[in-house]
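The values are calculated or read from the model by the stated rules, or taken from the named source; none is laboratory data. Everything numeric in this text was worked out from a predicted model, so none of it was measured. Neighbour counts run over all protein chains shown; Cβ positions are idealised from the backbone, glycine included. The protein model used for the area step is the full one, side chains on, heavy atoms only, and it has no ligands, DNA or RNA in it. Shrake-Rupley method; radii C 1.70, N 1.55, O 1.52, S 1.80 Å.
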Amino acid sequence: MTGATTAKDEGFMQQGEPLAAALPWLEDARALEKPAAGWVNALRETGADSFAHTGLPTPRWEGWQYTNLRPLAKHKFHYDPAPVNFDAAALPAPLLADAGRVVLVNGQYQEKLSTLPEGVEAASLMEAAAQKWPGIEDQLVRVGDLAQTPLTALNSAYLKDGFVLRVAKGRDIEQPVEVLYYNIGAEKDAQAAPAIYPRALYQLGENSGLTIIERHMGQGVYLANSYIAAAQDSASRLRFYRFMAESGDAFHFSNTALQQEKNGYFEGFSSATGGAVARQEFRLLLIDTLNSASIGGIYLLDGQQSHDFTILADHFEEGGKSAQHFKGVIDDQARAVFQGKIHVRRSAQKTDGYQSHHALLLSAAAEASAKPELEIYADDVKCSHGATSGFLDPVALFYLRSRGIPVDDAKDMLVESFLNENLEKVSCEPVRDLYRAQVSAWLAGRRK
Amino acid sequence: MLEIKNLHARVDGKEVLKGIDLTIEPGKVHAIMGPNGSGKSTLSYVLAGREGYEVTQGTATFMGENLLELDPEHRAALGLFLAFQYPVEIPGVTTTTFMKTALNAIRKKRGEKELDPASFLKLQKQKTAEIGMEPEMLKRGVNVGFSGGEKKRNEVLQLAMLQPKLAVLDETDSGLDIDALKVVADGVNALRAEDRSFLVITHYQRLLEYIKPDVVHVLADGKIRKTGGPELALELEEKGYAEYTGQEEAA
Ligand SMILES: Nc1ncnc2c1ncn2[C@@H]1O[C@H](COP(=O)(O)OP(=O)(O)OP(=O)(O)O)[C@@H](O)[C@H]1O
Ligand SMILES: [Mg+2]
């Protein structure tokens, strides 16, 4: 296996000028206490070097035309390695009564607040590294081309927080595990605000099964920049559900990388309701044969929110199946971005790839941008995609109203029916109900 | 019940209704016949309050209220029902959910108690059987994948459920086979009552054999050109509309 990719000169030269000097972002990175594991230090160095060259991406970067990071400049973000003070009683209650739980506060793994079902183990990243848990070095340094992903480079430069969770070979864990990423930020108008750099790794042993429910939330102003890896050994099954409900003043950037060996099953779904500026990137790497990976999502945006789903399904070998299905609703001056790519390598014959994105605009000032991309090098493949954006159908609205349904209820019904089609893809029923409730709550909130 | 005076309306800048006068008494069935594009559906949309149908002149009073001032949902609560010429598909909302929401919204507006789920389902089951609709279809998205005739039946089911004071049926007979036509007509006839009126828009005299009208109007080029009894429908079937479309120049 390869080590961390180093920044290639031609990579960032093409990208144009960095938005902001890289140095303020990195000022504390090289001062972090050095852990025992050499690879951690090496990855930090590589990350810092790469970011020092690129800085943050600007709208002139490929893949960053639609999400502008300029609002980050309003604050001075600072990483603090010291343990955070917080009131455990004030943390949100678990979503499902019978689920296991992992809690991270400002990226730091809270062992005392975490409970896990039998067959699942977790440790803080530094702990797991010190104990040399098998596979983690390899799985965590495989971060892709850092020159193309400056936020991941930045996360690497501060590699310290986060956790590793593993499921032993052959264990099929019925109880879902909720992973709460809770972030405590600064006051709304504060200049200085925390930067949070968690890195998580979910390891599924051969022929194991797990359901994860990730919640990203918090209060005040902060930058949550996470790198989340899921490594699926052969014939394992991962259901991965996310609720991205960060504080309305927060910035969320997550890069989620899935690596599947043979015969894996992955079902991912994410809802985006929070954050001022946010981007959720998913990279599904179907490394060996006969994998199936689907990723779906909905977004519910209003005010000045900006949210971006950037997806890559990368087929390496034969017989893989991937699907991306995204839908969202945009109100006020909010904007949504969907960038989806299906990459089929020469040896990935008999690939089945699907992608769709549909945006519903609730106001004339709302904006949706979509960039679908197919890059296919094999000849025996089936790939399709579709993207639409539009307003509520006035004829359908009139039909409902003509039957006595008040206009606001009628609009809600149409929004719910629009999103329902996507929620049907969530196979875990209690989680599907949680997403439904989230949609209802969002709609109810608009009425106030 | 309904009184329309000198009603003019525009769609997309084009004057389509050019002075409609029409009065419907409680308990009566009026039929409107007329050539394609004469403004029949436009009249029905103006009555139901569809956006983009701009009234430029005239009045419409329904149940003593100024109809033209009200939102579509208020008109429905007041007792107006329009069976659409082209019923709308709404994927993701089942007919059952749609019907329950509509019925309870109307009941609420009228100050009546909402129906509990069990009573609602019982009522819906009974009406569905009367209209001859497959109960399975209620679980599908509203009108999604319904045939033309099934969509029309669904309109009549809604009519039977909502029990309006005035039902405007816009070509509910078109697309129906002969048996379905009878079922639909029976459904309508069962609803006939002293305090309930109908405005039936149709191209075919055959429907009027099943639903006997009290009054028949000829609408051509945005105006009611002639009003008579049931025999007028027979006469139109024979002679067509040539006589009325020719009036355009004379007017
Ligand atoms: N949205 C619109 N934009 C422009 N013109 C319209 C629009 N809707 C209706 N019209 C025009 O108004 C006129 C009347 O249409 P309407 O649908 O009321 O006719 P109709 O009598 O119901 O005809 P049919 O018997 O074919 O159903 C037609 O000339 C039609 O083209
Ligand atoms: Mg018509």
If you go through segment B:20-29 one residue at a time, how many are crowded, with 17+ Cβ neighbours inside 10 Å and away from ligand 2 (no atom under 16 Å from the Cβ)? 4
When you scan segment A:346-363, how many residues do you find that are more than 24 Å from A:Q280 (Cα to Cα) and either open to solvent by 40 Å² or more (accessible area, probe 1.4 Å) or part of a strand (DSSP E or B) (or both)? 5
Please find, within segment A:384-422, the residue that is farthest from A:H358 (Cα to Cα) out of those that are of a type in the set (K, R) and within 10 Å of another protein chain (Cβ to nearest Cβ). A:R403
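From the list A:A323, A:A257, exactly one residue is at pLDDT 95 or above and outside the structural domain of A:L72 (by TED's automatic domain parsing). Which is it?
Values: A:A257 fails: outside the structural domain of A:L72 (by TED's automatic domain parsing).
After applying the criteria, what remains is A:A323.
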Subset of segment B:57-94 (residues that are within 14 Å of ligand 1 (Cβ to nearest atom) and surrounded by fewer than 20 Cβ atoms within 10 Å (Cβ to Cβ)): B:Q85, B:Y86
Just one of (1) over 19 Å from the mean Cα position of the chain (by Cα); (2) of a type in the set (A, V, I, L, M, F, W, C); (3) within 14 Å of another protein chain (Cβ to nearest Cβ) trips up A:V329, so point out which. (1)
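Report, by residue number, each residue of segment B:32-61 that is in a strand (DSSP E or B), within 16 Å of ligand 2 (Cβ to nearest atom) and either of a type outside the set (S, T, Y) or within 29 Å of B:R206 (Cα to Cα) (or both). Before the answer, list the steps.
Of segment B:32-61, the ones in a strand (DSSP E or B) are B:32-33, B:53-61.
Retained after the next criterion (residues that are within 16 Å of ligand 2 (Cβ to nearest atom)): B:32-33, B:53.
Listed by number, the residues that qualify are B:I32, B:M33.
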Filter segment A:182-207 down to residues that are touching a Pro at 6+ places or on another chain (Cβ under 9 Å) and of a type outside the set (V, I, T) and give me whichever is nearest to A:K132 (Cα to Cα). A:Q203
Kindly establish whether B:K139 is open to solvent by 70 Å² or more (accessible area, probe 1.4 Å) and of a type in the set (K, R). yes
Looking at this structure, is B:A102 more than 16 Å from the chain's Cα centre (by Cα) and crowded, with 22+ Cβ neighbours inside 10 Å? yes
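Can you confirm whether A:L434 is in contact (Cβ under 8 Å) with a residue 60 or more places away in the chain, within 12 Å of chain B (Cβ to nearest Cβ) and either crowded, with 16+ Cβ neighbours inside 10 Å or polar (S, T, N, Q) (or both)?
Numbers: in contact (Cβ under 8 Å) with a residue 60 or more places away in the chain: yes; within 12 Å of chain B (Cβ to nearest Cβ): no; either crowded, with 16+ Cβ neighbours inside 10 Å or polar (S, T, N, Q) (or both): yes.
Considered against the rule, which asks whether it is in contact (Cβ under 8 Å) with a residue 60 or more places away in the chain, within 12 Å of chain B (Cβ to nearest Cβ) and either crowded, with 16+ Cβ neighbours inside 10 Å or polar (S, T, N, Q) (or both), A:L434 comes out as no.
Table: residues versus (1) among the acidic types (D, E); (2) more than 24 Å from A:Q108 (Cα to Cα); (3) buried (at least 24 other Cβ atoms within 10 Å of the Cβ); (4) in contact with a helix residue (DSSP H, G or I) (Cβ under 8 Å, 6 or more places away or on another chain).
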{"position": "A:D233", "(1), (2), (3), (4)": "yes, yes, no, no"}
{"position": "A:D249", "(1), (2), (3), (4)": "yes, no, no, no"}
{"position": "A:F253", "(1), (2), (3), (4)": "no, no, yes, yes"}
{"position": "A:Y265", "(1), (2), (3), (4)": "no, yes, no, no"}
{"position": "A:S271", "(1), (2), (3), (4)": "no, no, yes, yes"}
In this structure, is B:K151 within 16 Å of ligand 2 (Cβ to nearest atom) and among the charged types (D, E, K, R)? yes
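Can you find a residue that is closer than 23 Å to B:H74 by Cβ, open to solvent by less than 50 Å² (accessible area, probe 1.4 Å) and either away from ligand 2 (no atom under 16 Å from the Cβ) or within 14 Å of another protein chain (Cβ to nearest Cβ) (or both) anywhere in segment B:173-191?
Filtering segment B:173-191 down to residues closer than 23 Å to B:H74 by Cβ leaves B:191.
Now narrow it down to the ones that are open to solvent by less than 50 Å² (accessible area, probe 1.4 Å): B:191.
Restricting the remaining residues to those that are either away from ligand 2 (no atom under 16 Å from the Cβ) or within 14 Å of another protein chain (Cβ to nearest Cβ) (or both) gives B:191.
The answer is yes; a qualifying residue exists.
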Return the residues of segment B:54-74 that are on the phi < 0 side of the Ramachandran plot, more than 8 Å from chain A (Cβ to nearest Cβ) and not polar (S, T, N, Q); say none if nothing qualifies. B:E54, B:V55, B:A60, B:F62, B:E65, B:L67, B:L68, B:E69, B:L70, B:H74
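Residue-by-condition table, conditions (1) more than 26 Å from A:D393 (Cβ to Cβ); (2) open to solvent by less than 10 Å² (accessible area, probe 1.4 Å):
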residue: B:G34; (1), (2): yes, yes
residue: B:G37; (1), (2): no, no
residue: B:R110; (1), (2): yes, no
residue: B:S119; (1), (2): yes, no
residue: B:K122; (1), (2): yes, no
